[in-house]
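Following: one structure in structure tokens, then a few remarks.
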Amino acid sequence: MKKTFSILKISLLLFFSGNMMAQTTFGSEFTAALFQVDEHIKRQDKFINYEDTKSYTGTPYNHPSYLLGNVYNNNELLASNVALRYNAVADEIEIKEGLTSADDDAKVLTKSPEIFVKIGTDIYIFAPYKGGVEGGGYFQVLHEGNKIDLYKKLQKDFRPAQKATTSITRDLPAKFSDDITYYLASKDGKFYELPNSRNKKLKVFGKNKNDIKKYVQDNKLDINQEKDLLKTVKYYDTQL
């Protein structure tokens, strides 16, 4: 996958043969290059044991379970059919050898703009901030166009568990809920946050605002809905 961010080059020690890249097992080179060594996944974030799924509703992840996926360095396949999931609270990609591997064996993928993952059908890239990893974050790629891209940033709102205060109320478990922000990204790495308001979203399209507004109205689209926003951005990309 081609990315055109202003990036901090990170040297990775990768020694793969064609056969090794096709395997799902983690060799020492893969571990050294892609995992944050001695970095333990924090499952007690927000004072919640993530493994105790009965103690909260929602999920701190993109999906409650690991899904099979691939890891790439630019367009080079590094590992296929590995178990992956995105921890939206910690903004980390968790990876383990397979779906049946123990969660305690999972590691955190090294954050690098040159490494991206495909989890099921979803692609996640790491975008740096001002050329550095610190302050950067993971984004889901919804559209990679010729002139403009559409990214989705998944974060989580957290509500702690609440004890019943009267005899007629009940205890409420902790709750994770999605907080989603969409961004347009230019090919020179500039990000433009799309506001929640429909009218304010249209303003982000600048001089193309009126054309986009007409396209949305003619096609009866609701750009606050992801599928309609995606359709709109694909059209916008053809007009640039």
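The values are calculated or read from the model by the stated rules, or taken from the named source; none is laboratory data. Remember, it's a predicted structure, so these values are computed and weren't measured experimentally. In this analysis, Cβ positions are derived from the backbone assuming ideal geometry, glycine residues included, and neighbour counts consider all displayed protein chains. All accessible areas refer to the heavy atoms of the entire protein, side chains included, with ligands and DNA or RNA removed. Shrake-Rupley method; radii C 1.70, N 1.55, O 1.52, S 1.80 Å.
Descriptive notes on the structure:
- In region 79-89 there is no residue matching the filter, namely being touching a strand residue (DSSP E or B) at 6+ places or on another chain (Cβ under 8 Å), open to solvent by 40 Å² or more (accessible area, probe 1.4 Å) and basic (Lys, Arg).
- Filtered residues of region 101-132 (kept if aliphatic (A, V, I, L, M) and either surrounded by fewer than 16 Cβ atoms within 10 Å (Cβ to Cβ) or within 15 Å of Tyr61 (Cβ to Cβ) (or both)): Ala102, Ala106, Val108, Leu109, Val117, Ile119
- Selection within region 73-89 - out of contact with any Asp or Glu (no Cβ under 9 Å at 6 or more places or on another chain) and among the hydroxyl-bearing types (Ser, Thr, Tyr): Ser80
Quick grid of which residues meet (1) among the hydrophobic types (A, V, I, L, M, F, W, C); (2) loosely packed, with under 12 Cβ neighbours inside 10 Å; (3) touching a Pro at 6+ places or on another chain (Cβ under 9 Å):
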site	(1), (2), (3)
Glu134	no, yes, yes
Asp149	no, no, no
Gln162	no, no, yes
Lys231	no, no, no
Tyr235	no, no, no
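- Residues that are under 19 Å from Tyr138 (Cα atoms) and either open to solvent by 10 Å² or more (accessible area, probe 1.4 Å) or of a type outside the set (Lys, Arg) (or both) within region 90-99 comprise Ala90, Asp91, Glu92, Ile93, Glu94, Ile95, listed in sequence order.
- Within region 224-237, tally of residues that are part of a loop (DSSP other than H, G, I, E, B) and either acidic (Asp, Glu) or free of Cβ contacts under 8 Å to residues at least 24 places away in the same chain (or both): 1
- For Leu229, the test of being under 22 Å from the mean Cα position of the chain (by Cα) and at pLDDT 95 or above is passed.
- Breaking point among (1) assigned to a loop (DSSP other than H, G, I, E, B); (2) over 30 Å from Ala90 (Cβ atoms); (3) free of Cβ contacts under 8 Å to residues at least 40 places away in the same chain, for Leu240: (3)
- Unmet criterion (only one of (1) in contact with a strand residue (DSSP E or B) (Cβ under 9 Å, 6 or more places away or on another chain); (2) open to solvent by 50 Å² or more (accessible area, probe 1.4 Å)) for Gln140: (2)
- The lone criterion from (1) open to solvent by less than 70 Å² (accessible area, probe 1.4 Å); (2) not assigned by the TED database to the domain that holds Lys54 left unmet by Lys213 is number (1).
- Scope region 167-208; condition over 23 Å from the mean Cα position of the chain (by Cα) and open to solvent by 70 Å² or more (accessible area, probe 1.4 Å); matching residues: Ser167, Ile168, Arg170, Asp171, Arg198, Asn199, Lys200, Lys203, Lys207
- Restricting Ile123, Ile148, Ile180, Ile168 to those that are more than 20 Å from Asp91 (Cα to Cα), among the β-branched types (Val, Ile, Thr) and at pLDDT 95 or above reduces the list to Ile148.
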